[in-house]
Each structure stands twice: as C-alpha cells, then as structure tokens.
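Novice: Here it is, the structure, as structure tokens.
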Amino acid sequence: MEFTDTHSHLYDEAFTGEEDQAVGRAVEAGVTKIIFPDIDAETRDRMFALAERHTGTVFPCLGLHPTSVNADWKKELEDMENYLDRDIRAIGEIGMDLYWSKEFQKEQQEAFRQQIRLAARLDLPVIIHSREATKPILDILKEEKSLGNRGVFHAFSGSLETFHELQELGDWHVGIGGVVTFKKASIAETVKSIPLSRILLETDSPYLTPAPHRGTRNESSYIPLIARKIAELKGCSLEEVAQATTENAHNLFQI
C-alpha cells in the first residue's frame, strides 16, 4: 500500500538533527510522498533544504501562515516572490486563525485574499488553515469564486453542513488527521458521511499525534494509523482508503 501525507512539518525545530531519519521512517511505513506546507520566512529555507534532499518524496509549498500575519505581512508576501521559481505544489498553508488572537483579523483576511489570487494566477491548489474562522474564510471564497480556486481545508473539524457548503464552492477536499482517532472527536462521526473521493490524509506533524501515540511528537510515519481509523469508521478496507486518498493527493498536487 502507498500513502501520502498531505500536511507535514518535518522541517520543524522539533525534528532538529533527525529530519532525514523522520522522512526515512515515513517511507518505510509506506508514506511515499509528503507535502510540506510553508509557514513564513523564518522557516522557509529550512523547509526547501530538506525537500531538496528528498526530491521525489517531499514536495514543498509556498505561503504565509495566518498566525504569522502581523504588521509586516506585506513584506512577507513580497519575500515570497523570491521563491516562485521553485517547484512548489500549492500555495499554503494560508487562511485565518482567530483562536490565538483577533488583533490582525483584517490583515489576515487581506493576506488570504491576495494569496488565493496568487494561487489562481499560478494555477495551483491552496492549503487552507481555518481555526475559529469558518465564516470569514467561506465569505472570501464566495466573493472570489470566479477565481476557480481548488484545494484542501487542512485539519477539517467542521460539520457535514460545512462540508456540503464547501462542495458548492468548487473542487475542495478535507484533510483528516490524528484528531479522528481521539475519543469523542466529532469529526469521526462526520467522516462517515464524507466520500473517500474528498478525503486527504495528513499528520500536521509534529502536532495532533494520533492514538495510541497521543501526547508525543507526531510524524509522517503515523499516517497508516489515521488511515486505519478512517477505514474502521467507513466500514471499508485499509487498502481502499490508501488507494483513494493517495489518488486524491496525486491529482490535487500533481505529484
């Protein structure tokens, strides 16, 4: 079986000194392709350096994470222009995060709008980070629907109604990660009704570690644990989940 981790930060400081080993463990676990979402200028070079050491396995993206949006957000977006000649597979992760702070809410909205326009210009999918910001993000996507954006809502935790609302806006997938393995996780019930054709697997490593490793550092090699839980919830085989989600990822990110 072949799996794809569509959201991993193996270049994070949590992996300092063992980034390459973490990639190796993922490949050994059957996770043959890994998408690296971008964060900001502080970590970008480290991300690209690790991706370049694992060409064909790791695929980098480019974007400004909403929690990195501050008074200097325009300069951050200008700096991104220096990387547009790289082999990037998506614009992300971008979006809005109103959980930690609402101080730069307007700036987050404008940065998000500019980046989905960039994605449309480059004909690339987007990776959306949404935390306590579903309505403002959907409002922007509705306003900019003519752009024809496509992509994935990372760490999807919305209702089935929200999922259906997304489908009315175009070609949108949802990223399902370790949270689906948590006891009493509401997304577990929602996943039962989401078609496999709309699901992407992700870890968000080093965060959101799936059971039974919850409480420890997450990594891409844990993707099969997430896939197994989805198979259980949907009453299908692990092979079916692996095949469908891998195909979804390959089609969306052209990997």
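Novice: For Q105 and S237 in one chain, what is 0.36 nm times their gap in residues minus the Cα-Cα distance, to one decimal in nm?
Specialist: Length gained, Q105 through S237: 43.3 nm.
Novice: Filter the GluC sites (Glu not before Pro) in the range 93-183 to those in DSSP coil with at most 12 other Cβ atoms within 10 Å of their Cβ, and list the result.
Specialist: When the GluC sites (Glu not before Pro) of the range 93-183 are filtered for loop state and at most 12 Cβ neighbours within 10 Å, E103, E132, E168 remain.
Novice: Taking the dipole about the Cα centre of the range 1-75, with the C-beta of Lys and Arg at +1 and of Asp and Glu at -1, give me whichever of M47, G17, A29 is farthest to the positive side.
Specialist: Projecting each Cα onto the dipole axis, the largest value belongs to M47.
Novice: Using the heavy atoms of the protein chains and a 1.4 angstrom probe, tell me the accessible area per residue for the range 1-141 in square angstrom.
Specialist: 44
Novice: Give the residue list of chymotrypsin sites (Phe, Trp or Tyr not before Pro) in the range 23-107 that are DSSP loop and have at most 15 other beta-carbon atoms within 10 angstrom.
Specialist: Y99, W100
Novice: Got a number for carbon plus sulfur as a percent of the range 1-71's accessible area, 1.4 Å probe?
Specialist: 47
Novice: At most 10 other C-beta atoms within 10 Å and a DSSP loop state: those are the exposed trypsin sites (Lys or Arg not before Pro) I care about. Give me the longest piece of the chain that has none.
Specialist: Counting at most 10 other Cβ atoms within 10 Å as exposed, the longest clean stretch of the chain is 1-182.
Novice: Can I ask one more? I'd like the carbon and sulfur percentage of the solvent accessible area for the range 161-231, probe radius 1.4 Å, heavy atoms only, ligands and nucleic acids excluded.
Specialist: Heavy-atom surface of the range 161-231 belonging to carbon and sulfur, 1.4 Å probe: 53 percent.
Novice: State in Å² the accessible area per residue of the range 215-255; use a 1.4 Å probe, count heavy atoms of protein chains only, and round to the nearest integer.
Specialist: Result: 43 Å² of accessible area for each residue.
Novice: Another question, if that's okay. Using C-alpha positions alone, give me the convex hull volume of the range 31-95 per residue in cubic angstrom.
Specialist: About 80 Å³ per residue, rounded to a whole number.
Novice: Okay, moving on. Step through the residues of the range 184-194 one at a time and calculate ³J(HN,Hα) from phi using the Karplus curve (6.51 cos²θ - 1.76 cosθ + 1.60, θ = phi - 60°), rounding each to whole Hz and writing x for Gly and Pro.
Specialist: 6, 6, 5, 5, 4, 5, 5, 4, 4, 9, 8
Novice: Report the residues of the range 218-234 in range of a label on L160: point 7 Å along Cα→C-beta, backbone N strictly under 15 Å from it.
Specialist: Once the point is set 7 Å along Cα→Cβ of L160, 233-234 turn out to lie under 15 Å by backbone N, inside the range 218-234.
Novice: Let me ask you something else. Once you place label points 7 Å from the Cα toward the Cβ at A41 and K74, how far apart are they in nm?
Specialist: 1.4
Novice: Using 0.36 nm per residue, how much length does the chain from R86 to R53 gain when fully extended, once their Cα-Cα distance is taken away?
Specialist: Stretched fully, the R86-R53 segment lengthens by 10.5 nm.
The values are calculated or read from the model by the stated rules, or taken from the named source; none is laboratory data. These numbers come from a predicted model, not from an experiment. Reconstructed Cβ throughout: ideal geometry from the backbone, glycine too, with neighbour counts over all protein chains shown. In case anyone asks, the SASA skips ligands and DNA or RNA and just uses the protein heavy atoms, side chains included. Shrake-Rupley method; radii C 1.70, N 1.55, O 1.52, S 1.80 Å.
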